[in-house]
Amino acid sequence: DPFTAPAIRANYLSVGLDLDVQVASARLSRRILTSPPLKSAHPSITTPGSKVPDDAARGSDASGKTWIKNGFASVAHPIGTAAMMRRSLGGVVDAQLKVYNTANVRVVDANVVSLQLNAHLSSTQ
């Protein structure tokens, strides 16, 4: 039925590495925010509190993963939604940018990048 809205499943965090990177990023962010000179700029961190792991003494990876899963949202800068990597790792396209199991469908934009860039996606155009 062409009038039925498509069912879209973004599959965020469906690859284990994605969640591990998010936990590591939260840990690093906490460390930066609680170190001089930023520490003096805020009285305390209230969200998400001690549930995000920042070292071996506070939080755990499991609690960090739960926090991320419960609060994760897209910021509308898609990248890696059709990652170029082996299909067994969750990849969507091969090294020739061809979508697996298709005859001639290719993805030729930033969606093939497997990991987030260290810059705003729009500033790289």
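Brief remarks follow.
- The residue that is modelled with the lowest pLDDT, among those in the stretch 8-41 that are farther than 22 Å from residue 91 by Cβ and part of a loop (DSSP other than H, G, I, E, B), is 34.
- Residues of the stretch 96-125 satisfying the condition of being aliphatic (A, V, I, L, M), within 26 Å of residue 22 (Cα to Cα) and surrounded by 10 or more Cβ atoms within 10 Å (Cβ to Cβ): 107, 110, 112, 113, 115, 117, 121
- Residue in the stretch 88-103 that is touching a Ser or Thr at 6+ places or on another chain (Cβ under 8 Å), on the phi > 0 side of the Ramachandran plot and either without any contact (Cβ under 8 Å) to a residue 60 or more places away in the chain or not charged (D, E, K, R) (or both) present: yes
- Just one of the listed residues (44, 50) is part of a helix (DSSP H, G or I), modelled with pLDDT under 80 and not assigned by TED's automatic domain parsing to the domain that holds residue 107, and it is 50.
- A Cβ distance below 6 Å, combined with a sequence gap of six or more or placement on separate chains, defines the contacts here; from the stretch 18-39, residues that are surrounded by 11 or more Cβ atoms within 10 Å (Cβ to Cβ) reach residues that are among the β-branched types (Val, Ile, Thr) in the pairs 22/68; 26/52; 30/52.
- Where residue 64 falls short, out of the listed (1) in a loop (DSSP other than H, G, I, E, B); (2) in contact (Cβ under 8 Å) with a residue 40 or more places away in the chain: (1)
The values are calculated or read from the model by the stated rules, or taken from the named source; none is laboratory data. Because the structure is predicted, anything quoted here is derived from the model rather than measured. A quick note on method: Cβ atoms are made from the backbone with ideal geometry, for glycine too, and the neighbour counts reach across all protein chains shown.
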